Amino acid sequence: MRFLFGCLLSAVLSCFFYDLHAQVIVAGIHGKIVTESNSTAEGATVILLKYKDSSIVSPGVAGKNGVFAFTDIAADSYLLLISKAGCEKLYSGPYQVKANEEFTTPDIRLKLAIQKLNEVTVNSTRPEIEVRPGKLIINIQNSLSAQGNSAFDILRETPGVRVDNNNNINIIGHQNALITIDDKATNLTGEDLAGVLRGIQSNMIDRIELITGGSAKYDASSGGIINIVLKKGKNTGFNGSVTGVAGYGKYYKGSAGFAFNNRTDKLNIFGNYSFIDNKSYHTVTTNRNINFDDTLSNYHSAYNSVLNSKIHIFGLGTDFYLSPNQTLGFLVNGSATDNHYVKDNVLNIYNQSVFDSTITAHSHLARNITRINYNINYSAKLDSSGTTLNADVNYTTFNRSSNEYIVNMFYDAAGNVDRASEQLQNLSPSNIRQWLSRVDLSDPLSKTSKFEAGIKFNSNESNNNLIFGPKINGRYTSDPNFSDHFDYTEYINAAYVNYQASFNKLNLTAGLRAEQTIAKGNSNSSGQVVNSNYINLFPNLIMAYTIDAKNDISLNFDRGIKRPGYEDLNPFLVYIDKYDFGAGNPSLKPEYTTNIEFTYSHDKTFAATLYSNIISEAYEFRYFVQNDTSKVNINIPKNFGRIYNYGLRLLVPVTFTNWWNADFKGDVAYQRYVAYPQNGNLNKGTQDIILSGNQYFKLSSSVAAEIIGFYETPSFYGITQFKSNYYVDAFISKQLFNKRGSLKLSMDDIFNTRRDRYSTNYGNLDLSAVDKTESQVVKLTFTYHFGKTSLKSVTHHTGNEDEQNRLNSKEN
């Protein structure tokens, strides 16, 4: 019923705005077509296509002397498809046509056909990095450095993206970005998200969009959006690729996978499968000082874990082309993860600088996670003016089993056993079910304006158990002080309207999104209850002004929300040792961000952005609650206060020679953290400077190399002071088999410097730590493309998918 109501609502909104018309802007494009022999190509067929989606705008014929012209068209980016008997077909462009401009193309030269060809060659390519208002586009298919890499590796090496030791991915300050694949959220974070991204190879990706100022049709993500757009449906016939990776750091790394696509005029079938088998380590060294009751105690812990992870990533889908204007699609994808941890923690306790005792904790943890998403999508072009309707229904299941068995040993200062060992059981199964349905309508009101509207309904049900307790008389028991059962239900209903128009040199996008959140949660053990119902409005404005053919400025304004993840709300305790826990907070509120950006771009490659954002109810950074009496320290999320960010971001492409070029990225920010009164008196301003660079070397027509460098100055975040962080990666690759294959040797973190070093001295907490994951790894990657790789049909169909869920499976 809701789905039908959404369709009706969108139709009503469309009719209401249908008669609105913006000012008609006259633009044109013309040029001349010649052949290889310099004769004019009179009578050649010329078809004008939109560059964005390759849709046909207008057909035409070259007249006398091979001259063609298209007039009275909208300001946009276009391709030309040109054909003539006896010559090869040719795509030319893209050409950016500005408002009130008659664009003249360079002479277009057709090649004489030696034999009859059924395929065409695309002679134009998109640049590797494109700057657009509110977003940065990384065109993966034009990147030699990305070949053979996974999506995770590509993001880690992308200018402007930061990935920390806990696999948090950021593009705006330290806030986690919403990660989507084809505009649909992955539903995972942390190590689980990293596993999915490692299973997506570069040969499956068309482009990656870093969105800091998206329109109202996107979910209101306060940390920005990283959208991974997969290749689908472009090539006719059967084609695909295989990839294999072998690597070694301290332990082995390996993966293998394939992707395929088989398209006919009426049907497209596509799929992929990848298997990952990695072994890695993680170490954390912590020093905590406790000054209480005239006694200074020091708790020094050394945590080590070894993870053996096996991940299966799979996907299978089909598109039925019901008619030239209608497509019905089905898709199922997901992952199955089998993680085994061996964890050791040694805690040395000192009182008044005198060694007192040692506690060791040794555990085995088996954690299995399966995630499956089912999708049905429908898209239709409703009339000749280009009105389109897109609808989606998604159902996602997430199941986790997590069984950990811990043995604590106690020793006195002399190293003798102080008391009997303690055996503990920690079981934490979780099941989550998610439904999402949405409808989007797009109505071109005129040649220069468009209206969009949509609605979305999303329901999530989470069932979580924690069984924690000691082994007594040979049997494990459940300790009511730690064990719990937490149920959580959440409904998110959203609707948006969006208006786009061109006025001479000004392009305007204005929208408003409304989101209602209804959340209910109950902790059976603690009695803590979540019961909230709130509605938020999220306005959005993008104004882009074209100064001339190469220079643009834009102004973006938007407001976003970050709802707490399920693990953040879950009151369960996560056991590190007897004095160190992690826990969720059922009282946690969403955080909100107001963001303003002003950008100047040149030739769509250089960009300078002044930005300002204010975050309220901030909770993403580490916050600790320490009991001085019991010496127990709990890491818990808390709505701490406000964060004010002001800064300048720069993307600077540099060409040194015809074989050496680079992309340099800089982010210089001033930040102020202000605590709410109940959380202390913190009011601190600090700076944060991040510099990164990718240098590309074309050593020959088939050999390329790249060096990636990253440096961040010492910075303050929340209540924690971080030391500087820096690393260098490098690779060299060789194209094989007439460019169908490639072999790549890479070295991550050459100098083994990638780590987090931080300290906290706030309230009664005095803590310092070094957090190091396995980052120095050598990898050899082989990729091979098979089947039909030339382009016969450039029309492609994608579902308009967008989802915000927050399945959070934290790994230790």
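Taken over the stretch 442-454, the residue count meeting the criterion of being open to solvent by 20 Å² or more (accessible area, probe 1.4 Å) and outside any strand (DSSP E or B) is 1.
If you go through the stretch 521-543 one residue at a time, do you hit one that is more than 30 Å from ASN458 (Cα to Cα) and open to solvent by less than 20 Å² (accessible area, probe 1.4 Å)? Spell out the reasoning first.
Kept after step one, since they are more than 30 Å from ASN458 (Cα to Cα), are these residues of the stretch 521-543: 543.
Now drop any that are not open to solvent by less than 20 Å² (accessible area, probe 1.4 Å), which leaves none.
The answer is no; no qualifying residue exists.
Checking each residue in the stretch 369-419 for being open to solvent by 50 Å² or more (accessible area, probe 1.4 Å), modelled with pLDDT of 90 or more and of a type in the set (Ser, Thr, Tyr) picks out THR370, TYR374, TYR378, TYR395, TYR405, TYR411.
Of the residues making up the stretch 420-441, those that are buried (at least 18 other Cβ atoms within 10 Å of the Cβ) and within 33 Å of the chain's Cα centre (by Cα) number 11. Every listed requirement among (1) on the phi > 0 side of the Ramachandran plot; (2) buried (at least 16 other Cβ atoms within 10 Å of the Cβ) is met by LYS638 save one, (1).
Regarding PRO564, is this residue over 26 Å from the mean Cα position of the chain (by Cα) and more than 23 Å from LYS631 (Cα to Cα)?
Working: over 26 Å from the mean Cα position of the chain (by Cα): no; more than 23 Å from LYS631 (Cα to Cα): yes.
The answer is no for PRO564.
Residue by residue, here is whether (1) of a type in the set (S, T, N, Q); (2) modelled with pLDDT under 80; (3) not in a strand (DSSP E or B) holds:
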position: VAL46; (1), (2), (3): no, no, no
position: ASP53; (1), (2), (3): no, yes, yes
position: ASN65; (1), (2), (3): yes, yes, yes
position: THR71; (1), (2), (3): yes, no, no
position: SER77; (1), (2), (3): yes, no, no
position: LEU81; (1), (2), (3): no, no, no
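Which one is nearest to the chain's Cα centre (by Cα) among residues in the stretch 628-653 that are in contact (Cβ under 8 Å) with a residue 60 or more places away in the chain, outside any strand (DSSP E or B) and over 30 Å from ASN351 (Cβ atoms)? My answer is PRO637. Scanning the stretch 648-679 for residues that are modelled with pLDDT under 90 and closer than 30 Å to VAL625 by Cβ yields a count of 0. Taking the criterion of being without any contact (Cβ under 8 Å) to a residue 60 or more places away in the chain and in a loop (DSSP other than H, G, I, E, B), would at least one residue in the stretch 431-441 satisfy it? No; the residues of the stretch 431-441 include none that is without any contact (Cβ under 8 Å) to a residue 60 or more places away in the chain and in a loop (DSSP other than H, G, I, E, B).
Rundown of residues vs (1) polar (S, T, N, Q); (2) within 30 Å of LYS520 (Cα to Cα); (3) out of contact with any helix residue (DSSP H, G or I) (no Cβ under 6 Å at 6 or more places or on another chain), yes/no style:
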residue: PRO429; (1), (2), (3): no, yes, yes
residue: LEU436; (1), (2), (3): no, yes, yes
residue: ASP443; (1), (2), (3): no, no, no
residue: LYS450; (1), (2), (3): no, no, yes
residue: LEU466; (1), (2), (3): no, yes, yes
residue: LYS471; (1), (2), (3): no, no, yes
residue: PRO480; (1), (2), (3): no, yes, yes
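What about TYR350, is it open to solvent by 10 Å² or more (accessible area, probe 1.4 Å) and closer than 30 Å to ASN287 by Cβ?
So TYR350 passes the test.
Taking the criterion of being open to solvent by less than 30 Å² (accessible area, probe 1.4 Å), in contact (Cβ under 8 Å) with a residue 40 or more places away in the chain, at negative phi and among the polar types (S, T, N, Q), the only residue of the stretch 49-108 that qualifies is THR105.
Let's see how each residue does on (1) more than 30 Å from ALA302 (Cβ to Cβ); (2) surrounded by fewer than 15 Cβ atoms within 10 Å (Cβ to Cβ); (3) of a type in the set (Val, Ile, Thr):
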residue	(1), (2), (3)
ILE576	no, no, yes
LEU588	yes, no, no
THR593	yes, no, yes
SER616	yes, no, no
GLN626	no, no, no
GLY647	yes, no, no
LEU651	yes, no, no
LYS665	yes, no, no
GLN671	yes, no, no
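Filtering the stretch 455-481 down to residues that are open to solvent by 60 Å² or more (accessible area, probe 1.4 Å), on the phi < 0 side of the Ramachandran plot and in a loop (DSSP other than H, G, I, E, B), which residue is modelled with the highest pLDDT? Looking at residues that are open to solvent by 60 Å² or more (accessible area, probe 1.4 Å), on the phi < 0 side of the Ramachandran plot and in a loop (DSSP other than H, G, I, E, B), I get SER478.
Scan the stretch 724-744 for residues that are among the charged types (D, E, K, R), open to solvent by 20 Å² or more (accessible area, probe 1.4 Å) and either in a strand (DSSP E or B) or without any contact (Cβ under 8 Å) to a residue 12 or more places away in the chain (or both) and jot them down. If you could, list the steps in order and put the result at the bottom.
Pass one, the stretch 724-744, residues among the charged types (D, E, K, R): 729, 734, 739-740, 744.
Filter once more, so that each one left must be open to solvent by 20 Å² or more (accessible area, probe 1.4 Å): 734, 739-740.
Selection gives LYS734 alone.
Restrict the check to the stretch 615-623 and report whether at least one residue is at pLDDT 90 or above and farther than 23 Å from TYR673 by Cβ.
Applying the first criterion (at pLDDT 90 or above) to the stretch 615-623 yields 615-618.
Remaining after also requiring farther than 23 Å from TYR673 by Cβ: none.
Among the residues of the stretch 615-623, not one is at pLDDT 90 or above and farther than 23 Å from TYR673 by Cβ, which makes the answer no.
Pull up the stretch 673-683, narrow it to residues that are without any contact (Cβ under 8 Å) to a residue 40 or more places away in the chain and surrounded by fewer than 14 Cβ atoms within 10 Å (Cβ to Cβ), then point me to the one that is farthest from HIS602 (Cα to Cα). My answer is GLN678.
Determine which member of the set ALA669, ALA704, ALA675, ALA730 is among the small types (Gly, Ala, Ser), touching an Asp or Glu at 6+ places or on another chain (Cβ under 8 Å) and over 21 Å from LEU136 (Cα atoms). Step through it out loud before you land on a result.
Numbers: ALA669 fails: over 21 Å from LEU136 (Cα atoms); ALA704 fails: touching an Asp or Glu at 6+ places or on another chain (Cβ under 8 Å); ALA675 fails: touching an Asp or Glu at 6+ places or on another chain (Cβ under 8 Å).
Only one candidate qualifies: ALA730.
Screening ALA608 against (1) at pLDDT 90 or above; (2) open to solvent by 40 Å² or more (accessible area, probe 1.4 Å) leaves a single unmet condition, (2). Scan LEU331, LEU322, LEU365 and give me the residue that is over 23 Å from the mean Cα position of the chain (by Cα), crowded, with 17+ Cβ neighbours inside 10 Å, aliphatic (A, V, I, L, M) and in a strand (DSSP E or B). One residue alone meets the criteria, LEU365. Which condition does TYR252 not pass, out of (1) surrounded by 18 or more Cβ atoms within 10 Å (Cβ to Cβ); (2) without any contact (Cβ under 8 Å) to a residue 40 or more places away in the chain; (3) within 28 Å of GLN735 (Cα to Cα), if it passes all the others? Failed condition: (1).
Kindly establish whether GLN721 is modelled with pLDDT of 90 or more, over 30 Å from ARG740 (Cα atoms) and either surrounded by 15 or more Cβ atoms within 10 Å (Cβ to Cβ) or over 23 Å from the mean Cα position of the chain (by Cα) (or both).
Values: modelled with pLDDT of 90 or more: yes; over 30 Å from ARG740 (Cα atoms): yes; either surrounded by 15 or more Cβ atoms within 10 Å (Cβ to Cβ) or over 23 Å from the mean Cα position of the chain (by Cα) (or both): yes.
The answer is yes for GLN721.
The values are calculated or read from the model by the stated rules, or taken from the named source; none is laboratory data. No experiment lies behind these values; they were computed from the predicted model shown. Cβ atoms come from the backbone with ideal geometry, glycine included; neighbour counts cover every protein chain shown. Each accessible area value is taken on the protein alone, full model and side chains, heavy atoms only, with ligands, DNA and RNA left out. Shrake-Rupley method; radii C 1.70, N 1.55, O 1.52, S 1.80 Å.
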